[in-house]
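Working notes, structure below.
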Amino acid sequence: MDDVSSEEGKGDKAVYYMYWSGVIPMLIIVDDDDSKIWSLYDAGPRNIRCPLIFLPPVSGTADVFFRQILALTGWGYRVIALQYPVYWDHLEFCDGFRKLLDHLQLDKVHLFGASLGGFLAQKFAEYTHKSPRVHSLILCNSFSDTSIFNQTWTANSFWLMPSFMLKKIVLGNFSSGPVDPMMADAIDFMVDRLESLGQSELASRLTLNCQNSYVEPHKIRDIPVTIMDVFDQSALSTEAKEEMYKLYPNARRAHLKTGGNFPYLCRSAEVNLYVQIHLLQFHGTKYAAIDPSMVSAEELEVQKGSLGISQEEQSCQ
């Protein structure tokens with residue numbers, strides 16, 4: 001996978017078509033309604049029983065995490081990236097996700113959620129707190145209360161809106177100012193993903209994003225959390241970020257100087273490193289997301305990367 005990591009400077013579309021375009025996702029139905037189809041990529045060693053699962057943002061599909069799948073499976077991790085079907089409320093989503101984990105025979109998992117994906121990851125951890133299914137959380141540009149978007153009053157009308165109007169709402173949160181070429185390419189890639197989503201998929205995701213709801217922290221306070229966010233422009237306000245820090249005072253913080261709304265695409269090397277640092281604490285336990293035979297080489301690489309990050313941070317101070 002060294003070849004993949006060396007492609008960091010290349011555009012997402014170029015790398016995607018070079019390494020990923022021919023990969024076919026698994027399609028799984030777990031609900032009585034057979035129109036609700038989960039689409040997912042399950043990569044890495046199948047003997048790992050506590051994999052890392054990626055949940056996309058409103059505009060994303062399972063393959064927006066292709067850079068994480070390619071790099072992390074190269075280090076011996078089992079990684080699942082998924083795209084959820086149409087669900088109109090958080091309880092319905094959580095029930096469907098629980099059924100999916102049962103179908104995959106996974107008792108516990110680590111969750112990486114981007115934006116809406118991070119909120120849904122928290123709600124699922126909350127939903128299963130009496131019989132825990134979530135072992136840890138990585139929350140990327142995420143939030144804990146949907147009221148920050150000031151659209152709770154419109155949440156019940158998204159299903160009526162035509163597709164072009166829904167896409168316009170989503171695109172309004174994309175960076176509009178000048179950005180570096182890699183961020184511009186990430187935005188371009190995400191616009192393509194957005195175009196692939198149908199009206200009901202978009203409407204249901206926006207409903208989940210804006211429906212009046214918040215995370216109850218006392219139900220998930222024992223779960224290890226890493227909060228990953230960016231210092232430059234993103235759809236999240238400073239207030240929303242501060243609220244996350246208050247909600248998880250003991251969380252590890254992974255700050256990226258730049259990266260916009262989609263750092264997992266345009267700053268994938270940094271994001272992948274922070275993911276590895278987060279998962280390092282579970283090595284040697286039954287909740288490790290990595291093949292034990294790969295641990296030594298992977299730990300050495302993470303230590304080298306961590307040293308590079310700390311040196312860079314020190315030089316910026």
Given charges of +1 on the Cβ of Lys and Arg and -1 on the Cβ of Asp and Glu, with all other atoms neutral, how large is the dipole of segment 156-271 about its Cα centre, in debye to the nearest 20?
280
DSSP beta bridges in the chain, what fraction antiparallel, as a percent rounded to 5?
35
If each Cα of segment 131-269 is one equal point scatterer, what is log10 of I(q)/I(0) from the Debye formula at q = 0.11, 0.21 Å⁻¹?
-0.47, -1.37
From the coordinates shown, mean projected area of the Cα convex hull in nm² corresponds to which of (i) 29.3; (ii) 30.9; (iii) 15.6:
(iii)
Peptides ranked, highest mean first, by Cβ atoms within 10 Å: ranges 272-281, 110-119, 286-295:
110-119, 272-281, 286-295
Remind me, relative contact order of segment 10-316 in percent, using alpha carbon pairs under 8 angstrom and six or more residues apart?
22
Output for segment 202-281: trypsin sites (Lys or Arg not before Pro) sitting in coil per DSSP, at most 14 other Cβ within 10 Å, listed by number, reads ARG221, LYS257
Along segment 47-64, Karplus-curve 3J(HN,Hα) (6.51, -1.76, 1.60; θ = phi - 60°) to the nearest Hz, with x for Gly and Pro, reads 6, 6, 9, 9, x, 9, 10, 9, 10, x, x, 3, 8, x, 10, 4, 7, 5
Quarter of the Cα convex hull surface for segment 78-184, i.e. its orientation-mean projected area (nm²)
8.9
Within segment 54-204, how many lysine pairs that are 8 or more places apart, or on different chains, have C-alpha atoms less than 30 Å apart?
8
Taking the Cα centre of segment 10-316 as the origin and placing charges on Cβ (Lys, Arg +1; Asp, Glu -1), which of ALA121, GLY22, GLY74 is farthest toward the positive end of the dipole?
GLY74
Based on Cβ point charges of +1 for Lys and Arg and -1 for Asp and Glu, what charge dipole magnitude is obtained for the chain about its Cα centre, in debye rounded to the nearest 20?
540
How many nm separate the modelled label positions at ARG46 and ASN250, each set 7 Å beyond the Cα in the direction of the Cβ?
3.7
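No lab work stands behind these numbers, since they all come straight from the coordinates. Remember, predicted model here, so these are calculated numbers, not experimental data. For neighbour counting, all protein chains shown are included, and Cβ atoms are generated from backbone atoms with ideal geometry for every residue, glycine included.
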